[in-house]
Protein chains: 4
Amino acid sequence: MAQACAASSLEPSLVQRLLLCCQEAKKAAYCPYSRFPVGAALLTQDGRIFSGCNVENACYPLGICAERTAIQKAVSEGCKDFRAIAIASDLQDDFIAPCGACRQVMREFGTNWAVYMTKADGTYVARTVQELLPVSFGPDDLQKV
Amino acid sequence: MAQACAASSLEPSLVQRLLLCCQEAKKAAYCPYSRFPVGAALLTQDGRIFSGCNVENACYPLGICAERTAIQKAVSEGCKDFRAIAIASDLQDDFIAPCGACRQVMREFGTNWAVYMTKADGTYVARTVQELLPVSFGPDDLQKV
Amino acid sequence: MAQACAASSLEPSLVQRLLLCCQEAKKAAYCPYSRFPVGAALLTQDGRIFSGCNVENACYPLGICAERTAIQKAVSEGCKDFRAIAIASDLQDDFIAPCGACRQVMREFGTNWAVYMTKADGTYVARTVQELLPVSFGPDDLQKV
Amino acid sequence: MAQACAASSLEPSLVQRLLLCCQEAKKAAYCPYSRFPVGAALLTQDGRIFSGCNVENACYPLGICAERTAIQKAVSEGCKDFRAIAIASDLQDDFIAPCGACRQVMREFGTNWAVYMTKADGTYVARTVQELLPVSFGPDDLQKV
Ligand SMILES: [Zn+2]
Ligand SMILES: [Zn+2]
Ligand SMILES: [Zn+2]
Ligand SMILES: [Zn+2]
């Protein structure tokens, strides 16, 4: 099954590296309002890793999530082909899941790549972008009208 | 199955009314940039219907979707309990699906309510918010850290 | 001076009505995260008033401000010509000012209309959209490339 | 005058470097929808430069501006003290101005730093964040309620 493949095709050592990166990225979080730091690490097809954190704003709607920060960084450096993203938070008992907005931004760059959602202890579950945003609206739809 | 119930519990006449409302709402769309008008009609638990359309901006990220316009209208009028939302666009051959950001805003107010995605001819498919945004981050998660 | 006119041309009784409306609108605020309720009341050229409040989200960036809620409501009801907007918060000693995102959304619909920023006691200062967002990017700029 | 100082205190060679960087950053813009590429270059107090570009989305509201991309990159790398940001677009006859949302995100990290707005030929005007977002809402206001 293609989707399972996307999520399972990463070598374990690479997964571990990505998990460490998103934990590390979390340290830069600017979250004085939520006090809910999040980190993300994005692996591109050519093997680069871009990290991101949440960057909040006194006007809450103007903040941005860790996942989108990482994706925007990658795009601004010329990378638009992604293999996987890992996300870390301080949640002890729950796997941190990306918000819907981040799923939509992930989906802009493909549906069949992997999202690793972790707990604070480093355990994780993986899903594809497709699984996290089923029946999605995307770039093709704009061409159809 | 609870989720199927949410999507199937609306009386057919109410569904038809909601479908007409979202088609009508589409006419107010302010979309000079995408030229992709979208309308939404939101049914509250107490039987009121709030309509919305997309409202774009020359700075594209500052636009808003039809679904969120409808939800914000309802909340600003004191309604936060929703039964269903219907969405209309000019897509002939595809059911218009809500973006991830709108799914997250829907999810803020519950996961077990229905989303009717229509084609221009008025045919539709229905899903619950839960089905459209599985494994979601929500209000409870913020309490856990 | 045209800008001063925009801010001063409202009859006092209409200003008072607008101030009451934004105070009233504040009561519907959904702000469990910031606990910072804001209300807005938008006066259209044809004399209608649309109210709005902030509608927050567990994923903070997906919240929306009171001012934008009011504007989106008006547009979705077919009104795009605005005379004035009034904003209320619980700030005792400061006039509540719109965020930059709201200023940009106001500016989409014209630069020469009035923004009334109030304190909790109902006193206010007024500025034009132009004064609050000088040297602005707007719809015309997109045509020029 | 402090504000003028902020905008004029950069050595000419540093300004030139920043201008080149934002032009270069523009090349990475992902803007299939607006076809309006924008680049930004952000200078930190410790002399680092972070570049950004706009990253659009099929769901327009989920795109992000060049200026915010640059700021989020810097924060995610541990830099929150900024001296100046330069912005480039393809506009021939107008200086590209930041949108209100970007001004608010700039303002989160201080009001007295410089924004260089350029034309395609590299000429520019400079303003402080304070001048671009007067009477602003900011981090302090949240403490007051
Ligand atoms: Zn997110
Ligand atoms: Zn949407
Ligand atoms: Zn605002
Ligand atoms: Zn911007």
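Quick look at the values:
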read-out: For A:ARG48, B:ARG17, order by how many other beta-carbon atoms lie within 10 Å, fewest first; value: A:ARG48, B:ARG17
read-out: Debye intensity ratio I(q)/I(0), log10, region A:25-122, q values 0.15, 0.16, 0.18, 0.25 Å⁻¹ (C-alpha model); value: -0.54, -0.62, -0.78, -1.37
read-out: MRE, 222 nm, helices only [DSSP H, n ≥ 4, -39500 (n - 2.57), over chain D, to nearest 500]; value: -9500 deg cm²/dmol
read-out: Over the protein assembly as shown: Rg over Rh, Cα atoms, Kirkwood Rh; value: 0.95
read-out: Separation of alpha-carbon centers, region D:89-111 and region B:56-96, rounded to whole Å; value: 28
read-out: Label point 7 Å beyond Cα along the C-beta direction, distances from C:GLY47 to other copies (nm, shortest first); value: 3.3, 6.7, 7.3
read-out: Nearest residue to the symmetry axis between B and D, taken on chain B by its Cβ, in whole Å; value: B:TYR60, 2
read-out: Anisotropy class of region B:96-145 from Cα gyration tensor, a/c 1.5 cut; value: prolate
read-out: Label spacing, shortest first and in nm, from A:ALA120 to its equivalents in the remaining copies (7 angstrom along Cα→Cβ); value: 3.4, 5.3, 5.3
read-out: Pairs from A:LYS27/D:LYS26; C:LYS27/C:LYS119; A:LYS27/D:LYS73; D:LYS80/D:LYS119 whose Cα-Cα separation, in the structure shown, is over 25 Å; value: A:LYS27/D:LYS26; D:LYS80/D:LYS119
read-out: Cross-link reach list, aspartates and glutamates versus D:LYS144, counting only Cα pairs under 18 Å and skipping chain neighbours closer than eight places; value: C:ASP90, C:ASP93, C:ASP94, C:ASP121, D:GLU108
read-out: Copies compared at B:SER13 - label distances in nm, ascending, label defined 7 Å from Cα in the Cβ direction; value: 4.4, 6.9, 8.1
read-out: B:VAL115 long-range amide H proximity, modeled H, under 5 Å; value: B:ILE85, B:ARG127, B:THR128, B:VAL129
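Coordinate-derived values only; no laboratory data. In this text, all values refer to a predicted model and were calculated from it rather than measured experimentally. Quick reminder, even Gly has a Cβ in these numbers, built from the backbone with ideal geometry, and neighbours come from all protein chains shown.
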